[in-house]
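Undergrad: Handing you a structure now.
Every read-out reported here was derived from the displayed coordinates using simple, explicitly stated rules and does not represent laboratory data. Not measured: the values here are computed from a predicted model. Virtual Cβ from ideal backbone geometry, glycine too; neighbours counted across all protein chains shown.
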Amino acid sequence: MTPAASSNADAAALQAIAARAVALVEDGVTVGLGSGRAASAFIEALGARVRAGLRVRGVATSEASAALARRLGIPLTGIEEDVELALTVDGADEVAPNLDVVKGRGGALVRERIVAAASRRQVILVGPDKLVTRLGERGTVPVEYVPMAEGLVLRRLKALGLRPELRTAAGTPFVSDNGNRIFDCHLPAPLLDGHAARALEADLHAIAGVVDTGLFLGTAERVLVGHRDGKVDELTRGTT
């Protein structure tokens, strides 16, 4: 397959899962807008529905997603005390068979967590390349932390057997939308199961200065898997 054909096939897969996700959005609801390529495809599809008359409000998980939503005419709002989001649509970096996921390699994990927690449902959009047998098979687990705590966090991460690598951008430390930094943590081995993932999550959250991690465990209601031929597989928690 040529590079152009491959790009077109990837675009078809994204459009297919975005269209399936948009069909879940009812008129008059508030929707969480995720970050990354798959989420951007959803925002594009949602924008088209809004221009056709659908009434929704969005809560963005990143400045980039907010800018895209504004450009497409999707009204944005904040998470007020009396606001519950009907659903959040987002991407993921890895998806385990039990629908636990790793997120945050794009750097928006804290806001993604907050928006997901404020939502009744979280729908994850991925390609088949993101499906793994065990979390940590294909990459790192991001850990966002307050810069003041860098030395302490680094020491504690190493004590857990992890190999932290400071995320950089253009040769300088990456700064999240929240003003924090991120360690991308290489695991000594993929996580054995959901219990191991939850144990690691608890250990990471126990470190003073850690704001959040890329382990999103038990948050996804369903995962839509888009294929290059336009086919969409739907995985639902408890049926995988």
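Undergrad: Given axes a ≥ b ≥ c from the Cα gyration tensor, I'd like to know whether segment 77-177 is rounded (a/c under 1.5), prolate (a/b larger than b/c) or oblate.
TA: In terms of gyration-tensor shape, oblate.
Undergrad: Right, something else. Which one of 85, 132, 97 has its Cα pushed farthest toward the positive end of the charge dipole of the chain, where Lys and Arg give +1 and Asp and Glu give -1 at the Cβ?
TA: 132
Undergrad: Counting DSSP beta bridges in the chain, what percent are antiparallel, to the nearest 5?
TA: Looking only at bridges with both residues in the chain, the antiparallel portion is about 55 percent.
Undergrad: At 222 nm, what value in deg cm²/dmol follows for the chain if DSSP H runs of at least 4 each add -39500 (n - 2.57) and the sum is divided by all its residues, to the nearest 500?
TA: Estimated from H runs of four or more residues: -10000 deg cm²/dmol.
Undergrad: OK, next. Using a 10 Å cut-off around each Cβ, can you sort 102, 56, 83 from fewest to most neighbouring Cβ atoms?
TA: 83, 56, 102
Undergrad: List every residue whose amide H lies under 5 Å from the amide H of residue 60, counting only residues 5 or more places away in sequence or on a different chain, with H placed 1.01 Å from N in the peptide plane.
TA: Residues meeting the criterion, in which the H sits 1.01 Å from N, are 33, 77.
Undergrad: Quick one: compute the contact order of segment 141-211, relative version, from alpha carbon pairs under 8 angstrom and 6+ residues apart, as a percent.
TA: Relative contact order for segment 141-211 comes out at 46 percent.
Undergrad: Under unit Cβ charges (Lys, Arg +1; Asp, Glu -1), what dipole magnitude, rounded to 20 debye, does segment 141-211 have relative to its Cα centre? List each step's numbers first, then the result.
TA: Values: 7 positive and 8 negative charges, 46 e Å.
Its charge dipole is roughly 220 debye.
Undergrad: For Cα pairs less than 8 Å apart in space and 6+ apart in sequence, what is the mean separation divided by the residue count of the chain, i.e. the relative contact order in percent?
TA: The value is 23 percent.
Undergrad: Of the listed values (i) 141; (ii) 177; (iii) 163, grab the one calculated as volume of the Cα convex hull per residue in Å³ from the structure here.
TA: (i)
Undergrad: What is the angle, in °, between the Cα long axis of helix 150-159 and the longest principal axis of the Cα atoms in the chain? Nearest 10 is fine, range 0 to 90.
TA: Rounded to the nearest ten degrees, it is 80.
Undergrad: Now a separate question. Please compute, for the alpha-carbon atoms of segment 4-100, the extent along each of the three principal axes and give them in descending order in Å.
TA: 43, 34, 24
Undergrad: Output the relative contact order of segment 74-170, whole-number percent, from Cα pairs under 8 angstrom with separation of 6+ residues.
TA: Worked out over segment 74-170, it gives 30 percent.
Undergrad: Okay, next question. Where does each of 147-153, 40-46 land if you order them by average Cβ count within 10 Å, highest first? All intermediate terms of the calculation are to be shown ahead of the outcome.
TA: Details: 147-153: 14.6, 40-46: 23.1.
Listed from highest to lowest mean packing, they are 40-46, 147-153.
Undergrad: Now, a different point. Test of understanding: ordering 26, 81, 137 by Cβ neighbours within 10 Å, fewest first, what list do you get?
TA: 81, 26, 137
Undergrad: If you don't mind, another one. Over segment 141-211, how many percent of alpha carbon pairs lie in each 10 Å bin up to the one with the longest distance?
TA: Bin by bin from 0 Å, the calculated values are 20, 54, 24, 3.
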